[in-house]
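Below is one structure; the comments refer to it alone.
The values are calculated or read from the model by the stated rules, or taken from the named source; none is laboratory data. Remember, predicted model here, so these are calculated numbers, not experimental data. Don't worry about glycine lacking a Cβ; one is built from the backbone with ideal geometry, like all the others, and counts go over all protein chains shown.
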Number of protein chains: 2
Amino acid sequence: MYVSSPGQPAAARVFPIEQLIDFITRAYVAAGMPPADARSTAELMIEADLLGSDAHGIFRLPMYIKRVRSGGFNRQPNIRIERETASTALIDGDNAMGHLVVRKAAETAIAKAKATGVAWVGLHHGNHAGAGAVYARMPLAHGMVGIYGAVGSANHLPPWGGIEMLLSTNPLAIAVPALEEPPVVLDMATTVASYGKIKARAQRGEMMPEGWMMGFDGKPLLDPKRSGEGFLMPIGGHKGYGLALMIGLLGGTLNGAAMGRDVVDFNADSSSVTNTGQCMIAVDLAAFGDPTEIRRNVDRVAREMRSAARMPGADRIRVPGEESHRRREQHLTHGLTLPAPLLDILARLADELAIAPLT
Amino acid sequence: MYVSSPGQPAAARVFPIEQLIDFITRAYVAAGMPPADARSTAELMIEADLLGSDAHGIFRLPMYIKRVRSGGFNRQPNIRIERETASTALIDGDNAMGHLVVRKAAETAIAKAKATGVAWVGLHHGNHAGAGAVYARMPLAHGMVGIYGAVGSANHLPPWGGIEMLLSTNPLAIAVPALEEPPVVLDMATTVASYGKIKARAQRGEMMPEGWMMGFDGKPLLDPKRSGEGFLMPIGGHKGYGLALMIGLLGGTLNGAAMGRDVVDFNADSSSVTNTGQCMIAVDLAAFGDPTEIRRNVDRVAREMRSAARMPGADRIRVPGEESHRRREQHLTHGLTLPAPLLDILARLADELAIAPLT
C-alpha cells in the first residue's frame, strides 16, 4: 500500500493502466456515480494520460471529485439526443460529467457518418471533458477523420485590443487516419503558451520569451511571476483571437451553450452549472475515395514532412500526433508513471473517500 | 476612355461594380471562356474586391488570363460530382477556373445541408480560387454556417524545424450568420504575415518586427529585403505548422488533390495542371435550434467582444468580418477604386485581348 510519510521522501511510481482505471472508477463510485459511468470516465481520463496530456488525466481527479460531491455534476444524468437530422444531432448533456457527454457526441457522429458520409454533432449542458485528442481520435478506428472543438472552461483571453477576459483558449483537435504511419493528430489551444508552461517558468525563476504573454498595458510581459497582470497571447495575434471566437461560436453558441460573459470558471467554481458546449465532426474517408489510397497518401505527406531538410540545430521534424502515439504504445506496455506529489494527493483523496488507495 | 500616357501622371479612379464585372467577363470571353463561366468568374473575383481582399480580385486578372491563354485552365470543363453520399460529395473540377469549381462545391454543400443538416464537399482538379471568405459566406444567405479550407497554390512554409518549403499558407475561412450584426467571418492564412505585407515594408525601407519571418539559419529575419533567405512564420510556431498541415490533408489529400511536394507553384508556372484541392462545409442553423435565437446569441457575443474594456491605445475592438462587411456595403454603393498602376496593367491587357478598355 502506498503511504507517504514525512520521514521518508516520496518517489514517483509506475502503475499498470488497469490499476489506475480501477482506482479512478472506485473514486467516482464512492462519490456517487453509477459504476458504468464511473468506469467510462476513468477510461477517458486515462486515455489522456496515455497520450501524454498529463494535465487532463488522473491529475484532474481531485478537482472532478470535488465537483461531483458538491453537486456541480449531475450524477444520474439522462444524456440524450434532443434534436436530430440525418447527419446532425444536438445532445443535451444534462450536466453530466463532460467526458460522458462528448463520448456520446462522438459515438453519435460516427454512427451517422457511417450512413451519410459526414456528421456534425453539437452538445450543450456538458462540462470540461479533458483532452480534445481523446475524442477527435475516436472516429479513426472507423476509417474516419475526427474533429473536436470546445468552449474552454474558463475565460483567459480578451478579444484582440481588449483587456477583458471574454474568451477561453478554445481548443481544436483534428485527427486523420494514416495507413502505416501513426494517425496525424493536431490538438491545440489557440494561445501560444499554456498556463502550465508559464507556471513552470515561474517555479524555475526564469523569464518568458516575448510573445507568450501581453500585459494589460499592451506591452510584452516577460516575468512569469507577474502573469496576473496580463493575458496569454493568442497565436498570430488577432488571428488566434478570431480562431478562438469561431470555435466558441461553433462549439458553444450554435448549441445554445455558454459563450463569452456567461462562461463559468470551472476551476474557481465547483458547483454552478457550466452549460459547456462542444462539437464533434466525423468524416468517412470512403465517401471521398478508396480509403486505403487516401491513407497511403496521408503516409506519404507525413513522411515528406519528417524527412524535410532541417534547420541547423533541429534534431528532428515532428508530425503532429506521432509523439503522443509513441507515448501511448509505451504506456500501454510499461504503465504510467505518477509523480510523488500527485501520489500524495491521490492518497489523501482515497482517505477522504474511504476507498482503498493505489497500491 | 482610360488612357495612360507618360506625359500625364495616372490617377486612381472609381468604377461602378457592374462595369468591372463586365470588363472581366469580356476579357475571359476574349481569352476563350464561355460567356456564362466568364461572367461567374468575374462576379466571384469582384466579390473579393468588395470584401476588401484586393489581392484576390481584379488585380489577379492578368495572371489568370495568362493561364487561360497558355492552356493552364480547361476552358470547356465538365465540372461534375464524381462521387456522393447523402451529405458529402467529391467534385472533379476538370481543371476549370478555380472559382467555378469552388462555387459548385459551395452550391452542392448548401443543397445537401438543406436536406440533411450538414454537408462536406471536397474537390480535386481545381485551381486557385481567390478569397476564401467569398465561398465561406455563400451558405450565410441560406441560414447556414460556411467553412472553406484550401491547399494554397504555392509552397511557402516548411514543416516546423525544417527549411524545405512543403506547405502552403493553407487558408481557412469560417462564416457564421448573425441577426442584426454583420456575419462573423474569419478568413485567415496560417502564417503571421503575408508576403504582401513584407513587400510593402521592403518598398518603404522598413524592418519587420520579430516573428514575421525566420531565416533558414533558425534566427529571426528582420530585413524584408532578405526575405529570400527565410520563410514566413506560421502562427504560434509549431501550431500554425500543424494547422496548415491538417487543412492541407482535409482540403487536398482527402480529395486526391496535390499536397506537399506535388503542389505546383501557380505563380511561377502558368501551364502545368495544379490539381488544387479545396473543401466546403455547410451547417444548417435550423438543425441545432431556433435559427433566430442562435443568430441573436451570435449578435450578443459579437457585441460583447466589441464593447470589451480596451487596452490603452486601442481605438476599437473588431469582430472578424465586420470590416469587410462595411467595405462591401460602401463599395456596392460608391463603386471600387482601382489604383493607377493597376489601371495601366488592365489597359495593356485590354489592348492585348483587343477588347474595349475600362472607360
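There is no residue in the stretch A:316-334 that is at positive phi, surrounded by fewer than 22 Cβ atoms within 10 Å (Cβ to Cβ) and not in a helix (DSSP H, G or I).
For the stretch B:164-178, the criterion of being more than 27 Å from A:Arg300 (Cα to Cα), among the β-branched types (Val, Ile, Thr) and crowded, with 24+ Cβ neighbours inside 10 Å is met by at least one residue.
B:His331 - would you say it is at pLDDT 95 or above and either assigned by TED's automatic domain parsing to the domain that holds B:Arg60 or closer than 16 Å to B:Arg13 by Cβ (or both)? When the stated conditions are applied, B:His331 passes them.
Within the stretch B:301-313, the residues that satisfy the criterion of being more than 20 Å from A:Val151 (Cβ to Cβ) and either in contact with a strand residue (DSSP E or B) (Cβ under 7 Å, 6 or more places away or on another chain) or buried (at least 20 other Cβ atoms within 10 Å of the Cβ) (or both) are B:Ala309, B:Arg310, B:Met311. Tallying residues that are touching a Cys at 6+ places or on another chain (Cβ under 8 Å) and within 25 Å of B:Ala308 (Cα to Cα) within the stretch A:118-174 yields 2.
Assess whether A:Ser227 counts as being in a loop (DSSP other than H, G, I, E, B) and more than 9 Å from chain B (Cβ to nearest Cβ). Spelling it out, it is not the case that A:Ser227 is in a loop (DSSP other than H, G, I, E, B) and more than 9 Å from chain B (Cβ to nearest Cβ).
When the stretch A:51-62 is filtered for residues that are in a helix (DSSP H, G or I) and of a type outside the set (Phe, Trp, Tyr), the ones remaining, listed by number, are A:Asp54, A:Ala55, A:His56, A:Ile58, A:Arg60, A:Leu61, A:Pro62. If you go through the stretch B:155-190 and keep only what is within 7 Å of another protein chain (Cβ to nearest Cβ) and among the charged types (D, E, K, R), you end up with just B:Glu164.
If I filter the stretch A:17-39 for residues that are farther than 29 Å from A:Ser324 by Cβ, at pLDDT 95 or above and of a type in the set (S, T, N, Q), do I get at least one hit? No, the stretch A:17-39 contains no residue that is farther than 29 Å from A:Ser324 by Cβ, at pLDDT 95 or above and of a type in the set (S, T, N, Q).
For B:Leu249, the conditions (1) under 28 Å from B:Trp120 (Cβ atoms); (2) touching a residue at least 24 places away in the same chain (Cβ under 8 Å) are fulfilled apart from (2).
Applying a threshold of 7 Å to beta carbon distances and a minimum spacing of six or more residues, or different chains, the list of pairs starting in the stretch B:193-207 at a residue that is surrounded by fewer than 15 Cβ atoms within 10 Å (Cβ to Cβ) and ending at one that is part of a loop (DSSP other than H, G, I, E, B) and not basic (Lys, Arg) reads B:Met207/B:Leu222; B:Met207/B:Asp223. Every condition in (1) more than 14 Å from B:Cys279 (Cβ to Cβ); (2) not in a helix (DSSP H, G or I) holds for B:Leu140 except the one numbered (2). Taking the condition touching a residue at least 60 places away in the same chain (Cβ under 8 Å), more than 16 Å from B:Glu18 (Cα to Cα), crowded, with 16+ Cβ neighbours inside 10 Å and touching a helix residue (DSSP H, G or I) at 6+ places or on another chain (Cβ under 6 Å), does B:Leu353 pass? Answer is yes for this residue.
Among residues belonging to the stretch A:107-123 that are surrounded by 24 or more Cβ atoms within 10 Å (Cβ to Cβ) and more than 9 Å from every other protein chain (Cβ to nearest Cβ), point out the one that is farthest from A:Val68 (Cα to Cα). The selected residue is A:Ala109. Only one entry of A:Val185, A:Val121 meets the criterion of being closer than 28 Å to B:Trp160 by Cβ, of a type in the set (Val, Ile, Thr) and within 23 Å of the chain's Cα centre (by Cα), and that entry is A:Val185. Restricting the search to strands (runs of 3 or more DSSP E) fully inside the stretch A:63-137 and requiring at least 1 residues that are of a type in the set (D, E, K, R) and modelled with pLDDT of 95 or more gives A:80-84, A:88-92. Yes or no: A:Met311 closer than 25 Å to A:Leu172 by Cα and either at pLDDT below 95 or within 8 Å of chain B (Cβ to nearest Cβ) (or both)? Judged against the criteria, A:Met311 is not a match. Against the list (1) at pLDDT 95 or above; (2) within 18 Å of the chain's Cα centre (by Cα); (3) facing another protein chain (nearest Cβ under 10 Å), the condition B:Leu254 fails is (2). Here A:Gly218 passes the criteria (1) touching a Gly at 6+ places or on another chain (Cβ under 7 Å); (2) without any contact (Cβ under 8 Å) to a residue 12 or more places away in the chain; (3) farther than 19 Å from B:Val192 by Cα except the one numbered (3).
Scan the stretch B:275-297 and give yes if some residue there is buried (at least 21 other Cβ atoms within 10 Å of the Cβ), farther than 30 Å from B:Met97 by Cβ and within 24 Å of the chain's Cα centre (by Cα), otherwise no. The answer is no, given that none of the residues of the stretch B:275-297 is buried (at least 21 other Cβ atoms within 10 Å of the Cβ), farther than 30 Å from B:Met97 by Cβ and within 24 Å of the chain's Cα centre (by Cα).
Of all residues in the stretch B:273-301, those that are under 23 Å from B:Pro171 (Cα atoms) and assigned to a helix (DSSP H, G or I) total 0. With the condition kept exactly as written, say whether any residue in the stretch B:133-152 is surrounded by 24 or more Cβ atoms within 10 Å (Cβ to Cβ) and either free of Cβ contacts under 8 Å to residues at least 24 places away in the same chain or at the interface with chain A (Cβ under 8 Å from one of its Cβ atoms) (or both). Yes, that holds for at least one residue. Filtered by the rule that a residue be in contact with a helix residue (DSSP H, G or I) (Cβ under 8 Å, 6 or more places away or on another chain) and in a loop (DSSP other than H, G, I, E, B), the stretch B:204-216 gives B:Glu206, B:Met207, B:Met208, B:Trp212, B:Phe216.
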